[in-house]
Amino acid sequence: MNKLKLAVVSLLSISIVLVLFILNNENKKGAVLINLEENEAPTSAPTQEIIFDPNLSKLDLVKFSYVSIREDDTLELIDKLGTSVIINLDRKLWQSASWSPSGVLLAVKGITKDQVYDLYIFDLIKKKWKKATDFANQKSGVQDFFWIGSKRIFFIQGKHDDSWLHYYDHESGEILKLEKTNGTITNVSPNRKYFVIRNQNEKYEVFDSMGKRIVTLGDFYDSLDTSVRYKVESVISINDEGRIILKFKENLYGKTEVGASLASKIDLPNADYQVVCSPSQEEVLLLEESSSLIKLYLFNSKRESLKLLSYLENKRLDKTHKAECFANGNIILATEGHINKWYEFRSDRTSFTELNFIKNSKYVRAFD
């Protein structure tokens, strides 16, 4: 009997070791995409590296302040003196390169051989690439994304009615489905407490920092005269207190709060403004283009004041490159021409500066 017990125990021990060995090898393949719906099978997200130049191991990459997606589809890091390095040797039709809040990680969308966009992340300290997602089997890739923290990303992936907001943790590799939505991330509050998605039905959805949908914005009524109804055309900004600045139809502007049904009208000069971003809780940077003049304004929603900060003469905005804005109030924009020129406005200066060391670029993002 003792021999039989010993044999059973030995067999169980071997089985446990075998299971642990299999699980360990599976974990080495990559992280697991965790779905909230129990009937869905998990999807592998391998941590595969892309082609990489070993010479970069000798450089301090954290000192670089700009990332450029070049016309030849390479990714280039550039410092403030114009020194540059290429951080990849392959082409993936790169899109939307974005720095983490710490400036240590760089996320970018790249297309795979299966013709879907996945997220790739480059670590400037470790000098390593990581493939964060793998949606080849689902035939639909990452549509849009932003950093919700220094090592966490929210992104949208899926098709039509089966499109989801996802959460990605860079340290664990964990991916979670959060809420069904399909659209574009249009606004993020300064400290990322709220963000806004414009869905496929052209409605604006407000989410909190946990990725939970709080409200879908509908029509608003005037706070002084509830017989006046406003239809939302776009969200200009949202701050961390939940205050929202809106553009209504027919070039009217207003402000409201998350969850409210009333809005107060804002008096802004009638112009076709391009919203750049909100550098603070109460301020919004706006661009206006007229004739051959590009004007940059600072709008204070509390005082309802509009201040001209700077302008570019004899220039036209390049419509293929949206002006980019950063948390410190600096912006980068491109002007059209035979060769695109890139300009930066810094909040500690009074005029635009041409970034003449950025050449042959179709996308530029700065970290400061």
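The values are calculated or read from the model by the stated rules, or taken from the named source; none is laboratory data. Computed from a predicted structure; not experimentally measured. Cβ atoms come from the backbone with ideal geometry, glycine included; neighbour counts cover every protein chain shown.
Could you please find all residues in the stretch 123-142 being buried (at least 19 other Cβ atoms within 10 Å of the Cβ), closer than 30 Å to H160 by Cα and of a type outside the set (K, R)?
Correct list: A132, T133, D134, F135, G141, V142.
In the stretch 221-270, which residues are over 22 Å from F195 (Cα atoms) and in contact (Cβ under 8 Å) with a residue 40 or more places away in the chain?
Y221, D222, S223, L224, K265
Among the residues that make up the stretch 194-207, is at least one of them aromatic (F, W, Y) and in the same structural domain as I148 (by TED's automatic domain parsing)?
For the stretch 194-207, residues aromatic (F, W, Y) and in the same structural domain as I148 (by TED's automatic domain parsing): absent.
Checking L77 against (1) modelled with pLDDT of 90 or more; (2) more than 19 Å from S150 (Cβ to Cβ); (3) of a type in the set (A, V, I, L, M, F, W, C), which test does it fail?
Failed condition: (2).
So in the stretch 49-74, with the set limited to residues that are at pLDDT below 70 and within 24 Å of S102 (Cβ to Cβ), which one is farthest from the chain's Cα centre (by Cα)?
K58
Look at H160 and say whether it is surrounded by fewer than 15 Cβ atoms within 10 Å (Cβ to Cβ) and more than 24 Å from E324 (Cα to Cα).
In short, yes.
Just to confirm my filter: which strands (runs of 3 or more DSSP E) fall fully inside the stretch 97-188 and include at least 3 residues that are in contact (Cβ under 8 Å) with a residue 60 or more places away in the chain?
Result: 128-131, 175-180.
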